[in-house]
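Peer 1: Sharing a structure below in structure tokens format, with a few things to ask.
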Amino acid sequence: MARTDTSDPNYYHRVVDCQWACPAHTDVPEYIRLIAQGRYDDAYMLNRESNVFPGILGRVCDRPCEPACRRGRVDDKPVAICRLKRVAADLRDDIRDRLPLVPKQKNGKRVALIGAGCASLTVANDLAPLGYELTMFEQHAAPGGLMRTNIPAFRLPGDVLNEEIDYILDMGVDLRLGTRIESLGALLEEGYDAVFIGTGAPRGKDLDIPGRHDSDRIHIGIDWLESVAFGHLDAIGERVLIIGVGNTAMDCCRTALRLGGKDVKVMARRGRKFFKASEWELEDAEEERVEIVENHSPIAFELADGKLVGMRFARLEYYEDASGKQRSRTIDEVVIPCDDVILAIGQDNAFPFIERDIGLEFGEWDMPVVDRVTFQSTRPGVFFGGDAAFGPENIIWAVAHGHQAAISIHKHCQGESITERLPPTLNLGSRKMGIHEWSYSNDFDPKHRQVVPHVDLGERFRQLSIEVELGFDANLAAAEVERCLNCDIQTVFADDLCIECDACVDICPVDCLMIAADGEENVLRERLKVPARNLSQPLFVSGPLKQTGRVMLKDENICVHCGLCAERCPTAAWDMQKSYVGIPKATDEADRTGEWKKLRKAG
Amino acid sequence: MSFIRKPLILHADLPRNGVGLTLRDYEGGMSTLCAGCGHDSVSSAIVQACWELDIEPHRVVKMSGIGCSSKTPAYFLRGAHGMNSVHGRMPAVATGAMGANRRLYCIGVSGDGDSLSIGFGQFAHAVRRNLDMLYLIENNGVYGLTKGQFSASADVGSKAKRGEVNRLRPIDPVLTAITLGGTFVARSFSGDKAQLVPLIQAGLRHRGFALIDIISPCVTFNDHEGSTKSYAYTRKSSREAVHADFVPAAEEITVDYPAGDARMVTMHDGSHIVLRKTADDYDPTDRLAAMEHVESRHAAGEIATGLLYLEESEDDQDMHGTAGTVEEPLVELPFESLNPGAAALAEYQRRLR
Ligand SMILES: Cc1cc2nc3c(=O)[nH]c(=O)nc-3n(C[C@H](O)[C@H](O)[C@H](O)COP(=O)(O)OP(=O)(O)OC[C@H]3O[C@@H](n4cnc5c(N)ncnc54)[C@H](O)[C@@H]3O)c2cc1C
Ligand SMILES: Cc1ncc(C[n+]2csc(CCOP(=O)(O)OP(=O)(O)O)c2C)c(N)n1
Ligand code: SF4
Ligand code: SF4
Ligand code: SF4
Ligand SMILES: [Mg+2]
């Protein structure tokens, strides 16, 4: 087969599983290395470049990087990537003098941002340093979006949130709190050069079954959490049922425990393997003795004398029908007594403030038509991002959208084509220091994943705002960093140097190399000592080797980046090289013209 | 050499053999040889061969003399027994070990210097005695350990790294072994595991002395232009006379060989060697033809490889048969029979008077 095209920036990027999986492509192994060196400020700033909110995300990120982490394929658990991010944030010094500088003289372009959630904040973070005048409208009395109104303080303390939001607002954003935009049409008439809509997915799904509207003790999860966050609500009945088993349900049940709930049950329609909540959120809830009840489907609310007394469920059992499809049948019905019910079965988008006749098209599910690359709507100059763009996701996706939307807004305002964007880049630099020295910690460390200490069960319920996780201290962090396999230190192969001595093949501790006769990919995958059957991971194939015309194969799946192949190669045909993935931001686009540098020079 | 120890990583996909072990369990300590040395590849071939044959490492004795090659038993089968003997004296020590316990597998690793110079006499008699062992010569044409002097296997005209030309005739261990009555004589290349691994397996199962002369390039002192033991030269010049596949007794022969293309040799333990014909129409059971083939290839500037000579007989032709060693390992014999006492000794001495 053809030689693997390693000049494609995506090839080596994909090898860095965590970075590839992160929507904002945070350079995870590099920041872990900085933490290992005690360079917490540098680690924080590197994080901030891509994910903007390291302190927040180090606590509550959905962490798509962790299931992707190579360590999880090599020996059980992934590196605690997210918790290490928090270490960088917790142990950093004052970094304010390292934040992007904002020119006093503006560039003359005005941008309106609707909503003060993480999506809008990211756009502001990227555009303020370029001299844009930014006006941010927020209906609530405080910025932050769902991070403030829905994510409970015992997971994300207020001061962490405030500090990182302030870094952005202090760049000179004109934040208008308590200002709900009622008409996009009217806003557009105010002559902004661009508008960004980061209004999220604000509507909690309802459950219209008998009894729903007969009691005031039935709550919509996200609205209920918001009331708690703003202090409008500080108590709940002793017996609480949460309907749904996603992450919102986990926050609802744990909040209920802190407001007086004694017997809190999460009611799931299906079995555990279908739960939407992340494994770690389930663990945390169960640690707090929340009962998770499987295979119960709600039928009706039960009331007595106008008072909610319980809820009726069908107990289900699942089976496969003749065609192998999963089906359910009711075994019987049960009534579970309760004082309150919280519905946590999902969120919908809603855009009541967007008129349907202003050239902004809506498509399926009554969602605006938004371009996946530029984040522009069908009305030029109006952009979307975060949960508002394609439905509810999470913070890190909202940040990734924000970066891309900021590029588009910049290019739109400068009269450039928003589709001609800088491509991602990849640079490689050797990590060879001397004959047997590599400038990274390449020894494989068999340690198990370090456990994050938690506040005692008794203590944590004392107050709603007590943060449960204590985070790693410097010592635990020092242990955990060594578990990182340095996937960004790439094995780079030079076909013409190889003398086919087999040294690399023999030494590889995970048998992922082989020199074999050429063939089709599926054949080559079987020619490794341990066949390369994880098709989601690429197979590297060299060109024909000089002496025999055979090819060098490498299964990227479980390479531990130990560098032994390079260490053992007599001709340096293998080398260990650090990959730097460049994901262009608005500043990079601005750099092309140099305009904003002039602005900055002017102060 | 490298200074990084190969880490032990047991990943889920790592296959296990019939005795529940992974390849990792057959490896040894960190090699101190030069990066790219052929000898490390031979160690890896031994690891693979033993793992595939389900040989438990503690059933193996590894023996060696002195040289880079002779250091390698430290780098494979960490669970095996062994002895790193004096230069060129490994056959004597191996003879003693096998006499004491004939149920073990014996792997001797030597070099061209160790076997063809200082140890030539020992080597010759081990072949002649048909000692039951697998004897590997990791042949690089130089004394690697002492910094690259020509060895007795260097070809006439072969150039040293600094340019001197060798003018002495080489000793060919293959021809020597055939002449001395060797019963399993092969040549292979460290860079060709497809050929080497089955040869090691067959050699381990052969009853009697199995010699494999393995061209194993010295990357540091003998891998240059003008050397006849370099990776490039060996690849260019080697000609496989016959390809041998090894099929253990318990396994069915699953590969379908086209009629007339393969020949099967049954070994004493019921295993098979399947000999696949190559262009030369080679018969490895014909001693004279074998010697003629090796000589004529050499004259043509080629290296004859593969299983070059095989004599698989039913009789007890090996050392145990001719010397009448006991079947049971000495450690398992009761004390009374190992040491029949002073009276028995006196009687024995009386008979000799
Ligand atoms: C209970 C719960 C827990 C969650 N936990 C996590 C978690 O642990 N990790 C994670 O990554 N994600 C989590 N999420 C998801 C995450 O919070 C969202 O994906 C993210 O906040 C989306 O950001 P956004 O900027 O798009 O919108 P939002 O955060 O929703 O912000 C939108 C903002 O716009 C304002 N707004 C809306 N309409 C108007 C208007 N017309 N005028 C003015 N202002 C307006 C809103 O008040 C709000 O402040 C959770 C979500 C919920 C509901
Ligand atoms: C009795 C004795 N004489 C000489 C030496 C020095 N010496 C050490 S290794 C060696 C040659 C080894 O050559 P070879 O067997 O080909 O091994 P290689 O290093 O090439 O693998 C010699 C002569 C010695 N160690 N002992
Ligand atoms: S770095 Fe090289 S030797 Fe180490 S696991 Fe990866 S391929 Fe194997
Ligand atoms: S160690 Fe180097 S020269 Fe030897 S096979 Fe591997 S890449 Fe080729
Ligand atoms: S000197 Fe030659 S034989 Fe010895 S380890 Fe180095 S390459 Fe191998
Ligand atoms: Mg030698």
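Peer 1: So the label point goes 7 Å from the Cα of A:Val334 along Cα→C-beta, right? Which residues of the stretch A:199-240 then have their backbone N under 19 Å from it?
Peer 2: Of the residues in the stretch A:199-240, A:239-240 have backbone N under 19 Å from the label point off A:Val334.
Peer 1: Enter the per residue convex hull volume of the stretch A:479-587, computed from alpha-carbon coordinates, in Å³ rounded to the nearest integer.
Peer 2: Roughly 145 Å³ of hull volume per residue.
Peer 1: Which whole number of Å³ per residue matches the convex hull of the alpha-carbon atoms in the stretch A:349-507?
Peer 2: Taking only Cα atoms, the stretch A:349-507 has a hull volume of 279 Å³ per residue.
Peer 1: What FRET efficiency would be calculated for the residue pair B:Ala232, B:Ala300, taking the C-beta separation as r and a Förster radius of 22 Å, to the nearest 0.05? Please report the intermediate quantities before stating the final value.
Peer 2: Details: r = 18 Å, r/R0 = 0.83.
Working from the Cβ atoms, E equals 0.75.
Peer 1: Right, next: Net charge around B:Leu199, counting only other residues with Cβ within less than 15 Å of its Cβ (Lys, Arg = +1; Asp, Glu = -1)?
Peer 2: Neighbour charge sum, excluding B:Leu199 itself: -3.
Peer 1: To check my understanding: the extent here is largest minus smallest coordinate of the Cα atoms along each principal axis. What are those three numbers for the stretch A:190-230, in Å, largest first?
Peer 2: Cα extents, longest axis first: 49, 24, 15 Å.
Peer 1: A further question on this structure: What are the residues whose amide H is under 5 Å from the amide H of A:Leu303, where those residues sit 5 or more places off or on another chain and H is modelled from the backbone?
Peer 2: Sorted by chain and number, the residues that satisfy this are A:Val309.
Peer 1: Ok, one more. For the stretch B:23-323, what is the charge dipole size about the Cα centre, in debye to the nearest 20, if Lys and Arg each add +1 at the Cβ and Asp and Glu each add -1 at the Cβ? Present the calculation step by step, with values, prior to reporting the outcome.
Peer 2: Values: 29 positive and 37 negative charges, 263 e Å.
Once rounded to the nearest 20, the dipole reads 1260 debye.
Peer 1: For B:Arg78 paired with B:Arg276, estimate the spin-label separation in nm (one decimal), with each label point 7 Å from Cα along the Cα-to-Cβ line.
Peer 2: 3.5 nm
Peer 1: While we're here: If I take every Cα pair under 8 Å that is 6 or more residues apart in chain B, average their sequence separation and divide by the length, what percent do I get for the relative contact order? Walk me through the numbers before you get to the answer.
Peer 2: Working: 716 pairs, mean separation 53.2, N = 353.
Across chain B, relative contact order equals 15 percent.
Peer 1: Right, something else. Hey, rough spin-label estimate for B:Arg162 and A:Asp445, points 7 angstrom out along Cα→Cβ, what's it come to in nanometres?
Peer 2: Distance between the two pseudo-spin positions: 4.8 nm.
Peer 1: Report the charge-dipole magnitude of the stretch A:205-345 in Debye, nearest 20, computed about the Cα centre from +1 at each Lys and Arg Cβ and -1 at each Asp and Glu Cβ. Let's see the in-between values first.
Peer 2: Working: 20 positive and 28 negative charges, 93 e Å.
With only Lys, Arg, Asp and Glu charged at Cβ, the dipole is about 440 debye.
Peer 1: Also, I was wondering about something else. If you take the charge dipole of the stretch A:238-283 about its Cα centre, with +1 on Lys and Arg Cβ and -1 on Asp and Glu Cβ, which of A:Met267, A:Asn247, A:Trp280 is farthest toward its positive end?
Peer 2: Positive-most Cα among the choices belongs to A:Met267.
Peer 1: Apply the Karplus parameterisation 6.51 cos²θ - 1.76 cosθ + 1.60, with θ equal to phi minus 60°, to every residue of the stretch A:340-352 and state each ³J(HN,Hα) to the nearest whole Hz, in sequence, with x for glycine and proline.
Peer 2: Each residue of the stretch A:340-352 in turn: 9, 10, 10, 8, 10, 10, x, 10, 10, 7, 7, 10, x Hz.
Peer 1: Just how far, in whole angstrom, is the stretch A:220-299 from the stretch A:1-76 if you go by their alpha carbon centroids?
Peer 2: If you average the Cα positions of each part, the centres end up 31 Å apart.
Peer 1: Something else now. Using DSSP to define loop residues, name the trypsin sites (Lys or Arg not before Pro) in the stretch B:1-81 whose beta-carbon has at most 15 other beta-carbon atoms within 10 Å.
Peer 2: The qualifying sites are B:Arg5, B:Arg16, B:Arg78.
Peer 1: With unit charges on the beta carbons (Lys and Arg positive, Asp and Glu negative) and the dipole taken about the Cα centre of the stretch B:23-323, which residue among B:Ala232, B:Gly108, B:Gly163 sits farthest to the positive side?
Peer 2: Of B:Ala232, B:Gly108, B:Gly163, it is B:Gly163.
Peer 1: At 0.36 nm per residue, and after removing the present C-alpha to C-alpha distance, how many nm does the segment from B:Leu14 to B:Glu252 gain when stretched out fully? Provide the component values of the computation, followed by the final result.
Peer 2: Details: separation 238, 0.36 × 238 = 85.68 nm, distance 2.43 nm.
Extending this stretch completely gives an extra 83.3 nm.
Peer 1: What FRET efficiency comes out for the pair A:Asp41/A:Gln463, r = Cβ-Cβ distance, R0 = 30 Å, nearest 0.05?
Peer 2: 0.45
Peer 1: Next question. Treating only the Cα positions of the stretch A:205-345 as identical point scatterers, give the base-10 log of I(q)/I(0) from the Debye formula at each q in 0.10 Å⁻¹.
Peer 2: Taking Cα atoms of the stretch A:205-345 as identical point scatterers yields -0.33.
Peer 1: Specify which residue in the list B:Ala97, B:Thr32, B:His243 is farthest towards the positive end of the charge dipole of chain B, using unit charges on the beta carbon of Lys, Arg (+1) and Asp, Glu (-1), about the Cα centre.
Peer 2: Working it through, the farthest residue towards the positive pole turns out to be B:Thr32.
Peer 1: Give, as ranges by residue number, the residues of the stretch A:350-365 whose backbone N falls under 12 Å from the point 7 Å along Cα→Cβ of A:Thr378.
Peer 2: The answer is A:356-364, whose backbone nitrogens lie closer than 12 Å to the label point.
Peer 1: Whole-Hz Karplus ³J(HN,Hα) for the stretch A:272-279, in order, using 6.51 cos²θ - 1.76 cosθ + 1.60 and θ = phi - 60°, x for Gly and Pro?
Peer 2: 3J(HN,Hα) across the stretch A:272-279, in whole Hz: 3, 6, 9, 4, 7, 5, 5, 3.
Peer 1: A 28 angstrom limit on the alpha carbon distance is what I want to check against. Which of A:Lys77/A:Lys554; A:Lys77/A:Lys205; A:Lys578/A:Lys598 exceed it?
Peer 2: Beyond 28 Å between Cα atoms: A:Lys77/A:Lys205; A:Lys578/A:Lys598.
Peer 1: Percent relative contact order of chain A, based on C-alpha pairs within less than 8 angstrom and at least six residues apart?
Peer 2: 17 percent
Peer 1: When only alpha-carbon atoms count, how far does the stretch B:1-110 stretch along each of its three principal axes, as whole angstroms with the largest first?
Peer 2: 43, 33, 16
Peer 1: Each label point is 7 Å from the Cα along the Cα-to-Cβ direction; what then is the distance between the points at B:Tyr348 and A:Ser430, in nm?
Peer 2: So the label points at B:Tyr348 and A:Ser430 sit 6.6 nm apart.
Peer 1: Calculate the dipole size of the stretch A:508-603 relative to its Cα centre from +1 charges on Lys and Arg beta carbons and -1 charges on Asp and Glu beta carbons; express the result in debye to the nearest 20.
Peer 2: 420 debye
Peer 1: Could you state how much accessible area A:Ile181 has, in square angstrom rounded to the nearest 10, with a 1.4 Å probe and all protein chains kept in place?
Peer 2: 20 Å²
Peer 1: For the stretch A:415-501, just the Cα atoms, rotate onto the principal axes and tell me the three extents in Å, largest first.
Peer 2: 66, 53, 21
Peer 1: In addition: How fast does the stretch B:23-323 diffuse by Stokes-Einstein, in µm²/s, taking the Kirkwood radius from C-alpha pairs at 20 °C and 1.002 mPa s? Working shown, then result.
Peer 2: Values: Rh = 19.0 Å.
So the translational diffusion coefficient is about 113 µm²/s.
Peer 1: Quick one: Karplus J couplings for the stretch A:393-410, per residue in order, coefficients 6.51, -1.76, 1.60, θ = phi - 60°, nearest Hz, x for Gly and Pro?
Peer 2: 10, 7, 5, 5, 5, 4, 5, 4, 4, x, 4, 5, 5, 4, 4, 4, 4, 4
Peer 1: Can you give the Rg/Rh ratio of the stretch B:96-163, where Rg is from the C-alpha atoms and Rh is the Kirkwood radius? Before the final figure, lay out the partial values.
Peer 2: Details: Rg = 14.6 Å, Rh = 13.4 Å.
Looking at the stretch B:96-163, the ratio lands at 1.09.
Peer 1: Over all residues in B:24-36, what is the mean tally of Cβ atoms on other chains that come within 10 Å of each residue's Cβ?
Peer 2: 3
Peer 1: Once you keep just the Cα pairs under 8 angstrom separated by 6 or more residues, what percentage relative contact order results for the stretch A:205-345?
Peer 2: Over the stretch A:205-345, the number comes to 32 percent.
Peer 1: How high is the FRET efficiency from A:Ala350 to A:Ala186, r the C-beta distance, R0 25 Å, rounded to 0.05?
Peer 2: Computed FRET efficiency for A:Ala350 and A:Ala186: 0.85.
Peer 1: Then there's this: Between A:Asp216 and A:Glu291, what is 0.36 nm times their sequence separation minus the Cα-Cα distance? Round to one decimal in nm.
Peer 2: 24.6 nm
Peer 1: So which lysines pass the test for B:Lys229, namely a Cα distance under 22 Å, with those fewer than 8 places away in the same chain ruled out?
Peer 2: Answer for B:Lys229, where 22 Å is the Cα cut-off: A:Lys546, B:Lys71, B:Lys147, B:Lys159, B:Lys161, B:Lys193, listed by chain and number.
Peer 1: Using only Cα atoms, what Kirkwood radius does the protein assembly as shown have, in angstroms? Don't jump to the answer; show the numbers that get you there.
Peer 2: Numbers: mean 1/r = 0.0300 Å⁻¹.
Hydrodynamic radius (Kirkwood, Cα pairs) of the protein assembly as shown is 33.3 Å.
Peer 1: Something else now. Please give me the summed charge of the neighbours of A:Glu30: other residues whose Cβ is under 10 Å from its Cβ, Lys and Arg +1, Asp and Glu -1.
Peer 2: -1
Peer 1: Per residue of A:548-558, count partner chain C-beta atoms within 10 Å of its C-beta, then hand back the mean as an integer.
Peer 2: 1
Peer 1: When the Debye formula is applied to the Cα atoms of the stretch B:139-293, each taken as the same point scatterer, what base-10 log of I(q)/I(0) results at q = 0.14, 0.21 Å⁻¹?
Peer 2: Here log10 of I(q) over I(0) equals -0.77, -1.36.
Peer 1: Which GluC sites (Glu not before Pro) in the stretch A:365-465 pass both tests, a DSSP loop state and at most 14 other beta-carbon atoms within 10 Å?
Peer 2: On the way: sites: A:Glu393, A:Glu416, A:Glu420, A:Glu437, A:Glu459; in loops: A:Glu393, A:Glu416, A:Glu420.
Here the sparse-neighbourhood loop sites are A:Glu420.
Peer 1: Starting with the highest mean, order B:216-229, B:333-346, B:234-247 by the number of other Cβ atoms within 10 Å, averaged over the residues of each peptide.
Peer 2: Ranked by mean Cβ neighbours within 10 Å, highest first: B:216-229, B:234-247, B:333-346.
Peer 1: Sticking with this structure for a sec: Just from its helices, what would the mean residue ellipticity at 222 nm be for the protein assembly as shown, if runs of 4 or more DSSP H residues each count -39500 (n - 2.57) and the sum is divided by every residue, rounded to the nearest 500 deg cm²/dmol?
Peer 2: It lands at -8000 deg cm²/dmol.
Peer 1: Taking each residue of A:560-569 in turn, how many C-beta atoms of other protein chains fall within 10 Å of its C-beta, and what is the average? Intermediate results must be reported in sequence, preceding the final value.
Peer 2: Details: counts 3, 0, 5, 2, 6, 0, 2, 5, 11, 3.
Going residue by residue through A:560-569 and averaging, the value is 4.
Peer 1: Right, something else. Can you give me the solvent accessible area of B:Glu52 with a 1.4 Å probe, rounded to the nearest 10 Å²?
Peer 2: Accessible surface of B:Glu52 is approximately 80 Å².
Peer 1: For a paramagnetic label modelled at 7 Å from the Cα of A:Lys262 toward its Cβ, which residues of the stretch A:442-472 fall within the zone defined by backbone nitrogen distances under 20 Å?
Peer 2: Within reach of a label on A:Lys262, which here means backbone N under 20 Å from a point 7 Å along Cα→Cβ, the stretch A:442-472 contributes A:457-464.
Peer 1: So how do A:521-534, A:545-558, B:145-158 stack up, highest first, on mean other-Cβ count within 10 Å?
Peer 2: Most protected by this proxy first, the peptides run A:545-558, B:145-158, A:521-534.
The values are calculated or read from the model by the stated rules, or taken from the named source; none is laboratory data. Keep in mind the model is a prediction, meaning the values are calculated, not measured. When we count neighbours, we look across all protein chains shown, and the Cβ atoms used for this are built from the backbone with ideal geometry, even at glycine. For the accessible areas, the whole protein counts, side chains as well, though only heavy atoms, and no ligand, DNA or RNA atoms are used. Shrake-Rupley method; radii C 1.70, N 1.55, O 1.52, S 1.80 Å.
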